[in-house]
Amino acid sequence: MFKGSKQVISDEKKIDELLSRGVAEALPSHDSLKKLLMSGERLRIKLGVDPTGERLHLGHSVPLLKLRDFQELGHTIVFIVGDFTAVIGDTSDKESERPMLSQGDIKKNMVTWKSQVGKILDLSKTEFRRNSEWLGKLTYREIGEHADLFSVADFTARENIKRRLEQGKRVSLREVLYPLMQGYDSVAVKADVELGGSDQRFNLLAGRTLQEHFKQTPQHVLTFSLITDASGKKLSKTGSATAYVSDSPDDLFGKTMSIPDDLTRQYFISMTRVPLGEVEQLLAGHPRDAKLALAHELVRMYHGARLADESKENFLKTFSQKEIPTDAPMCTIQAGQTVADALLAAGVIASKSEFRRLLDAGGVKIAGTEEKLTSNSLEKISTGTTLRLGKHQFVKIIK
C-alpha cells in the first residue's frame with residue numbers, strides 16, 4: 001500500500017454503503033476495513049474469475065460493480081483472469097468435482113472477457129492480469145511450502161466437501177490445490193482487499209494465511225450473498241434463462257422479467273446502483289412495475305437509455321398486447337441439420353439436452369398461436385415461422 005494519493009476519496013457515507021450494499025461479511029471485521037478505507041491509503045482491490053465460459057453473466061456483475069465502487073473512490077483494481085486456476089477448477093459451490101479444462105478451451109473462453117469487463121470497469125485504471133504469470137512458475141518445493149500451512153482437516157471441514165465425503169462422492173487431490181492457488185494470487189499481486197462470493201470464504205481466507213507467511217499484511221476480505229436463479233440455484237454460465245452482460249437488449253430485458261418477484265430486491269441491490277431509497281419506493285408498488293424498472297435499468301447500464309426504452313416498449317407490446325416481435329433473431333436451417341442443431345450452432349440454446357427438456361415440457365411454441373410443438377411437429381414447421389422458447393425468447397426459423 002502507499003499513501004498520499006489525492007485521488008483516494010474518504011467519504012464516510014460512500015464507504016458505509018460500499019461495505020453494506022449486497023455484502024455478506026467483511027473479514028477480519030467491518031470496522032477494521034472501514035478504518036483502512038478512511039485512512040486515505042490507496043488500496044489494491046483484487047477479484048479473480050476463472051474463464052470456464054465465454055461470457056460473463058449477471059452474477060459476475062455483483063463483484064464487478066463493487067470493484068467499480070472501489071475504483072470510483074480512487075483505489076487500484078486488480079482483475080485476475082484465472083487462466084491457470086481454471087485448469088484445476090474451483091468446487092466451492094459444486095456438489096461434484098469440476099472437469100479439467102484444456103488450454104484450448106481456456107484460450108477460447110478468454111477472447112472477449114476484457115471487453116465484457118469493460119462494460120462495468122474503467123479498463124484504463126484497471127490492472128488486467130492472468131495468474132499463469134506466477135502460478136505456472138511454481139516448483140513442487142514451493143507448492144509443498146504453501147500446502148504445509150493448511151491441514152487436510154481444514155479442507156474437508158468445508159460444508160460442501162464434507163457433504164460429498166459423507167455421500168461417498170469422489171474428492172480429488174487436485175481440488176485441494178485450488179485454495180492454495182487462489183491464496184497465492186493475493187501474494188503475487190500484493191492485494192489489500194479481495195472480493196468473492198460467500199461460498200469462497202475458505203479460499204479467500206487462504207490468501208490471508210499465505211500473505212502472512214510471506215511477510216505481507218494480510219488482506220481484508222469482502223464476501224457477497226449468492227445470487228440465485230428462478231430455481232434457487234446460484235447463477236451459472238449456462239442455461240437458457242441465464243442473463244449475460246453481453247445479451248441483446250431484448251434478451252436481457254426478457255430474462256430479467258422472468259425472475260421470481262421475490263428476487264427483485266436482491267437484483268436491485270446487488271446488480272444495480274439505483275439509490276436504495278428509490279429501490280424501496282419501487283418495491284412498495286406493484287411487483288411487475290418494480291421488475292419493469294429493474295429490467296430497464298439493467299439494459300440501460302449495458303446498452304444505454306435509448307435501447308432500454310425500446311426494449312421496454314417491445315416487451316410490453318409482445319407480452320401485454322400479444323404481438324410477435326418484428327426483430328426476432330433469425331436462425332437458418334442448413335442441409336442435414338435439425339432445428340435443435342441449428343439453434344445450438346446459432347447460440348440460441350445452450351445445449352440440445354436442455355432444449356429437449358424445454359420441448360418435452362411444452363415450452364416450445366409457435367409464436368402468436370401458442371401451439372405447443374413436439375419433436376416431430378418441430379421439424380415440419382415452415383420457413384418464416386417464429387418460435388417462442390420458454391416465456392421470453394423468440395427466434396424466426398429460415399429453411
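The values are calculated or read from the model by the stated rules, or taken from the named source; none is laboratory data. This structure is a prediction, so every number in the text was calculated from the model and none was measured. Using ideal geometry, Cβ is built from the backbone for each residue, glycine included, and neighbour counts are taken over all protein chains shown. The accessibility values were calculated without ligands, DNA or RNA, using every heavy atom of the protein model including side chains. Shrake-Rupley method; radii C 1.70, N 1.55, O 1.52, S 1.80 Å.
Of note:
- Against the numbered list (1) touching a residue at least 60 places away in the same chain (Cβ under 8 Å); (2) over 30 Å from Asp69 (Cβ atoms), Phe315 comes up short only at (2).
- Selection over the stretch 173-198 of residues that are in contact (Cβ under 8 Å) with a residue 40 or more places away in the chain, open to solvent by 10 Å² or more (accessible area, probe 1.4 Å) and either closer than 18 Å to Ser151 by Cβ or assigned to a helix (DSSP H, G or I) (or both) gives a count of 8.
- Output for the stretch 308-347, where each listed residue is modelled with pLDDT under 85, among the polar types (S, T, N, Q) and open to solvent by less than 80 Å² (accessible area, probe 1.4 Å): Thr318, Ser320
- A Cβ distance below 6 Å, combined with a sequence gap of six or more or placement on separate chains, defines the contacts here; from the stretch 323-349, residues that are in contact (Cβ under 8 Å) with a residue 40 or more places away in the chain reach residues that are charged (D, E, K, R) in the pairs Ala328/Lys396; Met330/Lys396; Ile333/Lys399.
Residues are listed down the side, and each one gets a yes or a no for (1) on the phi > 0 side of the Ramachandran plot; (2) of a type outside the set (D, E, K, R); (3) modelled with pLDDT under 90:
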| site | (1), (2), (3) |
| --- | --- |
| Lys35 | no, no, no |
| Glu54 | no, no, yes |
| His57 | no, yes, no |
| Pro63 | no, yes, no |
| Val87 | no, yes, yes |
| Arg98 | no, no, yes |
| Val111 | no, yes, yes |
| Ser124 | no, yes, no |
| Leu135 | no, yes, no |
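- Candidates Arg265, Arg273 - the one that is more than 22 Å from Glu313 (Cβ to Cβ), modelled with pLDDT of 95 or more and in a loop (DSSP other than H, G, I, E, B): Arg273
- Selection count where residues are farther than 21 Å from Phe224 by Cβ and either at pLDDT below 90 or more than 14 Å from the chain's Cα centre (by Cα) (or both), scope the stretch 242-251: 4
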